[in-house]
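Engineer: This structure is in C-alpha cells; I'll ask about it shortly.
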Amino acid sequence: MKDKKQLMIVCVSIFAVLSLLLTRFYTLQVVENAKWNQIANGQHYFCVREPFLRGTFFSNTSLRPHHPEDPQRLVVEVRKVHLYVDPESIPEAYKKEIAHQLIACVDVSDDEKDRFSDQFHARSRSRKLKMWMDPHQQQDVLDWWFPYAKEHNIAKNALFFVPDYQRSYPFGKLLGQVLHTVQKQRDELTKQASPTGGLELYFDELLSGQLGLRRLMRSPINALETGEVLSEPEHGADIYLTINHTLQVIAEEEIEKGVKWSKAKNGWAVMMQPQTGEILALAQYPFFDPADYSNYYNHTHLIEHAAIKAISDAEEPGSSFKPITVAIALLANHELNQRGEKELFHPEEKIATSNGKFPGRSKPISDTGHHKYLNMYMGLQKSSNIYLGRIVERVIKKFGDGWYRNALCQHFGLGEKTGIELPAESAGLVPRPGKLHPNGTLEWSVPTPYSLAMGHNLQLNSIQFLRAMSVLANGGYLVQPTLVRKIVKGDGVCLLDHTLPSRRESFPRTLPIEVVQEVVKTMKYDTKKGGTARRGDVWGYTEVGKTGTAEKVIRGSYSKNQHSSNFIGFTPVIDPAFVLLVVIDEPEHKFIPGVGGNHYGGMCAAPVFREIARRSLEYLGVPPDDPFGYPIGDPRHDPEKGDWLVEVKQLQEKYEKWNK
Amino acid sequence: MKPLFFCLLTVAILLVVYISFCNQLSQMQMEIPQIGRVVKRLEEDNNRLQYEIECFENSLHLLELLRQPEYSHLKMPYRNEVIDER
C-alpha cells in the first residue's frame, strides 16, 4: 500500500514536471515564436544601407557630324571616406598622441587643429574628424593605426571610416553657374544631398536616388556570402545637356578677356542653335567654382556671381532690339498686302529723319549722328532712333497699340518666361496698354511705342532675346529654348528625349519667310563699313548682327555712366550654326580718342562676339562661306567678290547723295 | 563479415569525399565576399582614375596645348573635308 502511494507520488511529480516542460516548450515555440525569431535574427543578421549614386550631367558631343565622341561627364561622383573616432574606446593616456599623429597624417590646417583634438574628449561613440579623404590617405592612416592599436591594446574600430561619394568637377569652374553643386553635409537618414542652385536644384528630384538595403549574416571571422539584397539602390537619373564643353570653354575664355579689357563689372555670352533652341554654351564672368561654393555664399560681394544673370537679369536691350522693330513693321506691310491695301512704307523709301519730335514726348528723340534722309537699310545700319520711330508711328496709326504689343508677344515670345530648365528665370516686361505701374502711372502711354522701337521701355532676359532673334535666323519659327537633350534613369529608361524630330516639327511659324529674308538682308549692312557693328564682322564668314548700348535704370532713372552693352547676331547667314548674344555689364565709361566710347556695344561686345564666333565655327568644322571677306590689307580681301561689299558700297553712295 | 567490412569501408570513403566537397564549397563561399570587395574597390579606383584623366584631358587644357608652337600645325577639319565611309 505504502509502495503504491509512493509510486503514485513519483508518477504525478514526473507528470507535473513533464507538463511544465511541455507548456514552456509550447509557450516558447508557438506562442512567442515571432518574438524569439526576431531576437535570433537580430543576433544572426544585420542590415547595411547600400549607397546610391546621384545622377550626373553629360556634355553634348554630337555637334560635329562624322566626329563620334564618347559621352563626356561634366560631374563625377568620386568615392571618398570620412574619418570618425570613437572617443570612449580610446584610453585617456593615448588620446593626445593619437590626435597628434593623425593631424600629421591627414594634413589638418593650423586653425582646425584645436577642433580636431577636442573631438577625442567628447562624450560620444562617434565624432567626425576629417571629411572627404582619398583612399590613399585612408590607407596611410590604417598602415599606422593597426600596428599602433595592436601594440597598445586599443580596439581597432576606435578609428573607423565611412564611405561616401563626392561630387567632383573634371572641368573645374566650367559651366559653374549653370551646373551648381550640392552641399557637403548630407541628410543623416536619407543620405540625400541639398543642391545649391542651377541644374542641381531644378532637377533635384530626378538626380536624387534611394538607398538600398542588404542583409548580412554576422560572422566573427569569415563571412560566407555577400548577403541578401532586400532592395536594390536606385541611382539618380543622368541628364544629357545641350551644352558642348569645348564651345563653353571658348565662350568663357573670350568673355573673360572681354570683361577685363573693358573693365566691366561682369559679362556673359549665350549661344543657341536657332533651329532647335538648344543652348550650346552659357558663359558668365566672374566665374563660379562649384567646388568652392561656400566661399561665394559666405561673402556678400561674391554671392551675386552664383546667380545666372542671363536668366535672372531682365534688362532693356537698347539698339540691338531694332531688327525686331523692323520685322514688326514689315509684318504690318505683309498684312496690308494680304488685305490688298497699300503698304505703310517701302524699304527703299526716303524718309526724313532730321526732326525727332514724336507725340507724347517732352524731349525729341535724337540719333548719335545727324541724318537728313534714310531708308530702311540705312536706318538699321546707322542705328537711327528717329527712322525706327517714324515707321512705328505709321504702324500705330494704322493698327493701334494692341496690335503692336501682340506682335511683340506672339511673334517673338516676349513678356513671358521661356521655360528654360533653370530656376529663377525672370519673365521680363512688355508694357501693357491700360495697365498701371505701382506708382499709378500708365505702363503704356502715347510715347511708349517710340521707346519700344529703339529697345527701351521693355525688359528681356538673354534667353528671351536669343529666342526672338532665332525667329529671324531660322526662317520664322518660334523655338523652345532648352538645356536638355535627354534624361535617362539608372535602369536605362529614357524619361525625356528632346532629340526626336517631332519636337522640331512642333515649333510654330510666326513670321512669313519674306519678312525674315528682308530683315536679314537689312542686318547684313551693319557688320560692314558704315555700320555700328563692324567689329563684329567674322572674317571669312557671312554674319549678321546688331549692337546695343542701353543706359541702365538706377534708382528709377536712366544713368549716364552705367550701361549694359550687348551684341547679338548669327553666323553663317544661310543655315546659321548658332545665334550668339554677348552682354557686357557696366563697362568702364570712357572715351578712347580716335575710336569712340569704350562702353559702346560696338566697342566692347562686338569683338567678343567675333572671337567666340570665329573659334566656334572653326571647332564645328563649318567651312568659310565668304572666302574674300577679310579686312583691307589682308591678301584674301576682294572688294568685288567679298560678300555684301558691293551692296554696302552702293548703299554708302546713296546715303552720301541724300545727306550731303 | 567480409561483405559488411567492404560496405562500411565504401560508406566511409564516400563520406570523406562528401565532407571534402563541402569543405571546398565553404572555402569558395568564404572567398566570394572578399572578391566582391576587391571588384568594388577596382571599380571605384577605375572611376577615380577616369576622373583624373578627364581633368587632364579637359577642353581648357587641350585648347591651351593647341596654342603652343609644337601643335600649331594641327587644325580642326572642315565638315566637307571629312570622308564619311558609311
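The values are calculated or read from the model by the stated rules, or taken from the named source; none is laboratory data. In this text the structure is predicted, and so the values were computed from the model without any measurement. Using ideal geometry, Cβ is built from the backbone for each residue, glycine included, and neighbour counts are taken over all protein chains shown. In case anyone asks, the SASA skips ligands and DNA or RNA and just uses the protein heavy atoms, side chains included. Shrake-Rupley method; radii C 1.70, N 1.55, O 1.52, S 1.80 Å.
Engineer: Across the range A:110-127, in residue order, what do the Karplus-derived ³J(HN,Hα) couplings come to in whole Hz, using 6.51 cos²θ - 1.76 cosθ + 1.60 with θ = phi - 60° and x for Gly and Pro?
Structural biologist: Running phi through 6.51 cos²θ - 1.76 cosθ + 1.60 with θ = phi - 60° gives 4, 6, 9, 4, 5, 5, 4, 5, 4, 4, 6, 9, 6, 8, 7, 9, 7, 10 Hz.
Engineer: As I understand it, the value is the acute angle between the Cα axis of helix A:513-523 and the longest principal axis of the Cα atoms of chain A; what does it come to in degrees, rounded to 10?
Structural biologist: Its long axis makes an angle of about 80 degrees.
Engineer: Average partner chain C-beta neighbours within 10 Å, per residue of A:167-176?
Structural biologist: 3
Engineer: What does the average come to when, for each residue of peptide B:29-36, you count the partner chain Cβ atoms lying within 10 Å of its Cβ? Please list the in-between numbers first.
Structural biologist: Working: counts 5, 6, 2, 4, 8, 3, 1, 4.
Across the residues of B:29-36, the mean count of other-chain Cβ atoms within 10 Å is 4.
Engineer: Okay, moving on. Taking the Cα centre as origin and putting +1 on Lys and Arg beta-carbons and -1 on Asp and Glu beta-carbons, what dipole magnitude results for the range A:48-130, to the nearest 20 debye?
Structural biologist: In debye, rounded to 20, the range A:48-130 gives about 280.
Engineer: Now, a different point. Report Rg (one decimal) and Dmax (nearest whole number) for the range A:365-513, counting Cα atoms only, units Å.
Structural biologist: Radius of gyration, then largest Cα-Cα span, for the range A:365-513: 19.1, 69 Å.
Engineer: Among A:Gln464, A:His498, A:Pro438, which residue has its Cα furthest toward the positive end of the charge dipole of the range A:421-503, with +1 on Lys/Arg Cβ and -1 on Asp/Glu Cβ?
Structural biologist: Going by the charge dipole, the pick is A:His498.
Engineer: To the nearest 0.05, what FRET efficiency results for A:Gln183 and A:Lys150 with a Förster distance of 35 Å applied to their C-beta separation?
Structural biologist: FRET efficiency, A:Gln183 to A:Lys150: 0.35.
Engineer: Where the centre of each part is set by its Cα atoms, how far does the range A:490-553 sit from the range B:35-86, in angstrom?
Structural biologist: 32 Å
Engineer: If you take the accessible area of A alone plus B alone and subtract the pair, what total do you get in square angstrom, rounded to 100, with a 1.4 Å probe?
Structural biologist: Numbers: alone 32480 and 8920 Å², together 38650 Å².
Chains A and B together bury roughly 2700 Å² of accessible area.
Engineer: Sticking with this structure for a sec: If the limit is 30 Å between Cα atoms, which of A:Lys350/A:Lys417; A:Lys128/A:Lys150; A:Lys173/B:Lys75; A:Lys260/A:Lys528 go over it? Could you put the intermediate results ahead of the total?
Structural biologist: Details: A:Lys350/A:Lys417 39 Å; A:Lys128/A:Lys150 23 Å; A:Lys173/B:Lys75 26 Å; A:Lys260/A:Lys528 26 Å.
Listed pairs above 30 Å: A:Lys350/A:Lys417.
Engineer: Over the range A:1-70, consider all pairs of different Cα atoms and compute the Kirkwood hydrodynamic radius from their mean reciprocal separation; express it in Å, one decimal.
Structural biologist: Values: mean 1/r = 0.0513 Å⁻¹.
Computed over Cα pairs of the range A:1-70, the Kirkwood hydrodynamic radius comes out at 19.5 Å.
Engineer: For the range A:513-559, just list the percent of Cα-Cα distances falling in each 10 Å bin from zero outward, please.
Structural biologist: Result returned by the calculation: 25, 35, 22, 16, 2.
Engineer: Okay, moving on. Please calculate how many Å² of accessible area the protein assembly as shown carries per residue, with a 1.4 Å probe and no DNA, RNA or ligand atoms counted. Show your work: numbers first, answer last.
Structural biologist: On the way: 38650 Å² over 746 residues.
I get 52 Å² per residue for this part.
Engineer: Is there a quick way to get the dipole size of the range A:429-542? I mean about its Cα centre, with the Cβ of Lys and Arg at +1 and of Asp and Glu at -1; what is the value in debye to the nearest 20?
Structural biologist: For the range A:429-542, the charge dipole is close to 240 debye.
Engineer: How crowded by other chains is A:60-70, given as the mean number of beta carbons from other chains within 10 Å of each beta carbon?
Structural biologist: Other-chain Cβ atoms within 10 Å of each residue's Cβ, averaged: 2.
Engineer: While we're looking at this one, here's another question. Just name one of A:Leu581, A:Leu617, A:Pro639: the one whose Cα is farthest towards the positive end of the charge dipole of the range A:537-660 (beta-carbon charges, Lys/Arg +1, Asp/Glu -1).
Structural biologist: So the residue we want is A:Leu581.
Engineer: Which of the listed residues, A:Phe345, A:Ala307, A:Gly356, is farthest toward the dipole's positive end in the range A:307-388, when Lys, Arg count +1 and Asp, Glu count -1 at the beta-carbon?
Structural biologist: Looking along the dipole axis, the top candidate is A:Gly356.
Engineer: For the range A:454-592, take the alpha-carbon Rg, divide it by the Kirkwood Rh, and send me Rg/Rh. Numbers along the way, then the final one.
Structural biologist: Values: Rg = 18.4 Å, Rh = 17.5 Å.
Looking at the range A:454-592, the ratio lands at 1.05.
Engineer: Moving on. Once you have the Cα-Cα distance between A:Gln29 and A:Lys95, take 0.36 nm times their residue separation minus that, and quote the gain in nm to one decimal.
Structural biologist: Full-extension gain reported as 18.9 nm.
Engineer: Among A:420-432, A:484-496, how do they line up from the highest to the lowest mean number of other beta-carbon atoms within 10 Å?
Structural biologist: A:420-432, A:484-496
Engineer: For the range A:38-109, what is one quarter of the convex hull surface built on the Cα atoms, given in nm²?
Structural biologist: Over every viewing direction, the Cα hull of the range A:38-109 projects on average to 11.1 nm².
Engineer: What residues in the range B:37-80 lose 50 Å² or more of accessible surface when the other protein chains are added to their chain alone (1.4 Å probe)?
Structural biologist: B:Glu44, B:Asn47, B:Arg48, B:Tyr51, B:Glu54, B:Ser59, B:Leu63, B:Met76, B:Tyr78, B:Arg79
Engineer: Restricting the calculation to Cα positions, tell me the Rg (one decimal) and the Dmax (whole number) of the range A:464-521 in Å.
Structural biologist: 15.0, 50
Engineer: Over its Cα atoms, what ratio of radius of gyration to 2.2 N^0.38 Å does the range A:161-209 give?
Structural biologist: 1.19
Engineer: Taking the Cα centre of the protein assembly as shown as origin and charging only Cβ (+1 Lys, Arg; -1 Asp, Glu), how large is the dipole, in debye to the nearest 20? Walk me through the numbers on the way to the answer.
Structural biologist: Details: 88 positive and 90 negative charges, 356 e Å.
Approximately 1700 debye in magnitude.
Engineer: For the range A:240-254, list whatever residues lose no less than 20 Å² of accessible surface once every protein chain is in place, relative to that chain by itself, with the probe at 1.4 Å.
Structural biologist: With the partner chains in place, the range A:240-254 has these residues losing at least 20 Å²: A:Thr246, A:Val249, A:Glu253.
Engineer: Based on C-alpha coordinates, I'd like the Rg and Dmax of the range A:101-166, in Å.
Structural biologist: When restricted to the Cα atoms of the range A:101-166, Rg and Dmax are 12.2, 34 Å.
Engineer: While we're here: At 7 Å along the Cα-to-beta-carbon direction for both A:Thr190 and A:Asp638, put a label point, then send me their distance in nm to one decimal.
Structural biologist: Going from the A:Thr190 label point to the A:Asp638 one covers 6.6 nm.
Engineer: Can you tell me the orientation of helix A:385-399 relative to chain A, as the angle in degrees between its alpha-carbon axis and the longest Cα principal axis, to the nearest 10?
Structural biologist: Approximately 90 degrees, to the nearest 10.
Engineer: Multiply the residue separation of A:Ser62 and A:Cys47 by 0.36 nm, subtract the distance between their alpha-carbon atoms, and state the gained length in nm to one decimal. Mind showing how you got there, number by number?
Structural biologist: Details: separation 15, 0.36 × 15 = 5.40 nm, distance 4.40 nm.
Using 0.36 nm per residue and subtracting the Cα-Cα distance, I get 1.0 nm.
Engineer: Would you give the gap between the C-alpha center of the range A:380-429 and the C-alpha center of the range A:281-329, rounded to a whole Å?
Structural biologist: Each part reduced to its Cα centre gives a spacing of 21 Å.
Engineer: Obtain the nm distance between the two label points defined at A:Phe160 and A:Trp658 by a simple spin-label model: each point lies 7 Å from its Cα along the Cα-to-C-beta direction.
Structural biologist: My value for the distance between the label points is 8.4 nm.
Engineer: Okay, next question. Would you please report the Å³ per residue occupied by the convex hull of the alpha carbon atoms in the range A:40-176?
Structural biologist: Convex hull of Cα atoms, per residue: 182 Å³.
Engineer: Using the beta-carbon distance between A:Ile592 and A:His82 and R0 = 45 Å, what value does 1/(1 + (r/R0)^6) give for FRET efficiency, to the nearest 0.05?
Structural biologist: 0.20
Engineer: What is the helix-to-structure angle for A:92-105, meaning the angle in degrees between its Cα long axis and the longest Cα principal axis of chain A, kept from 0 to 90 and rounded to the nearest 10?
Structural biologist: 30 degrees
Engineer: Over all distinct alpha-carbon pairs, what is the Kirkwood Rh of the range A:150-251 in angstrom?
Structural biologist: Evaluated over the range A:150-251, this radius sits at 17.5 Å.
Engineer: Right, here's the next one. Mind ranking A:388-396, A:85-93 by how tightly packed they are, going by the mean number of other C-beta atoms within 10 angstrom, highest first?
Structural biologist: Answer by packing, highest mean first, reads A:388-396, A:85-93.
Engineer: Apply the Debye scattering formula to the protein assembly as shown, with a single equal point scatterer on each alpha-carbon and no solvent, then give log10 I(q)/I(0) at q = 0.06, 0.10 Å⁻¹.
Structural biologist: At q = 0.06, 0.10 Å⁻¹ the computed log10 ratios are -0.53, -1.05.
Engineer: What does the convex hull of the Cα atoms come to per residue for the range A:544-660, in Å³?
Structural biologist: 165 Å³
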